[in-house]
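Reading through the structure tokens given below for one structure.
The values are calculated or read from the model by the stated rules, or taken from the named source; none is laboratory data. Please read all numbers here as calculations on a predicted model, not as lab measurements. Ideal geometry is used to build each Cβ from the backbone, glycine not excepted, and the neighbour counts take in all protein chains shown.
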């Protein structure tokens, strides 16, 4: 029987084109999605005092095994409310070890990952780019924790 023996973490930065939108007051009114390269253009984003969504499409990483664990890590000090993958909310993982500044918040995405994916990040209380060392000013990272197996006797 094999059991997980040790692990290593591979990180993929979701840099480059993202879209952002401020929800409209009326459900019938269409949102306007704006393009932005993150984290490079974070300082070009206007101060937003209300809710805001960010989204990015990506393909699933290759070489994933059935025992690998995949999560998304977001460095932020803004009011991060929820993270969704393919329309489903992702569970927030408990903090492990010491806190970083700004904090890194992780969400489990192993079961929700598809071949093609849409990652959506919701900030409930807005963001103010110049004042925050966080928000989406740091790369959003997919972490793949791969386990090597050892043989049990």
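Condition check for residue 35 on (1) without any contact (Cβ under 8 Å) to a residue 60 or more places away in the chain; (2) more than 19 Å from residue 142 (Cα to Cα); (3) part of a loop (DSSP other than H, G, I, E, B): one failure, at (3). Being more than 18 Å from residue 47 (Cβ to Cβ), loosely packed, with under 15 Cβ neighbours inside 10 Å and at pLDDT 75 or above is a condition met by no residue of the stretch 119-138.
Surrounded by fewer than 15 Cβ atoms within 10 Å (Cβ to Cβ) and assigned to a loop (DSSP other than H, G, I, E, B): is that true of residue 17 in this structure? In short, no.
The residues of the stretch 38-51 that are in contact (Cβ under 8 Å) with a residue 12 or more places away in the chain and part of a loop (DSSP other than H, G, I, E, B), listed by number, are 39, 40, 45, 46, 47, 49, 50, 51.
Listed by first and then second residue, the pairs with beta-carbon distance under 6 Å, at least 6 apart or on different chains, first residue in the stretch 78-105 and at negative phi and surrounded by fewer than 16 Cβ atoms within 10 Å (Cβ to Cβ), second at pLDDT 95 or above and assigned to a loop (DSSP other than H, G, I, E, B), are 88/112. Residue 67 meets the conditions (1) in a loop (DSSP other than H, G, I, E, B); (2) within 18 Å of the chain's Cα centre (by Cα); (3) surrounded by 13 or more Cβ atoms within 10 Å (Cβ to Cβ) in every case but one. The failed one is (2).
Of all the listed residues (58, 54), the sole one being surrounded by 14 or more Cβ atoms within 10 Å (Cβ to Cβ), more than 30 Å from residue 6 (Cα to Cα) and touching a residue at least 12 places away in the same chain (Cβ under 8 Å) is 54.
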